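The values are calculated or read from the model by the stated rules, or taken from the named source; none is laboratory data. Small disclaimer: the values here were computed from a predicted structure and weren't measured. Here Cβ is always computed from backbone atoms with ideal geometry, including for glycine, and neighbour counts include all displayed protein chains.
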């Protein structure tokens, strides 16, 4: 594993155990338990488009449709408006090089359609509710 959970009191976060190159699959979320609607700690896996050469290709999640997953590590990954990673199909992928000890984050508003527990972002002050509300 190249990441670990750090806990300080009730606050959990995920950090790089070693340097991670941009484009690396940081975590496979497909091993989590499927839930049918979002929870406070679930991560949404969904289909996405990617480019192969000059052609857009639609990729399905490992489940064939959008689902929410409860994952031991995935549920501890925090939101950031300037994330270190993004969800692609069932993988958490590094957007750029990540240094050892840096926090692993993704943008909840870009990945999640609707959050079960919306909150005010610490970095920008806007409500994080999911892409359905953008």
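The set of residues in region 99-126 that are under 12 Å from residue 80 (Cα atoms) and loosely packed, with under 12 Cβ neighbours inside 10 Å comprises 120, 122, 123, 124, 125, 126.
When region 82-102 is filtered for residues that are modelled with pLDDT under 95 and in a loop (DSSP other than H, G, I, E, B), the ones remaining, listed by number, are 89, 90. Among the residues of region 26-36, the one identified as loosely packed, with under 11 Cβ neighbours inside 10 Å and modelled with pLDDT of 85 or more is 33.
Based on what the data block shows, is residue 134 modelled with pLDDT under 95, over 20 Å from residue 20 (Cβ atoms) and out of contact with any helix residue (DSSP H, G or I) (no Cβ under 8 Å at 6 or more places or on another chain)? Criteria not met by residue 134. For the structure I just gave you, tell me whether residue 49 is at pLDDT below 95, closer than 23 Å to residue 96 by Cβ and touching a strand residue (DSSP E or B) at 6+ places or on another chain (Cβ under 7 Å). Criteria met by residue 49.
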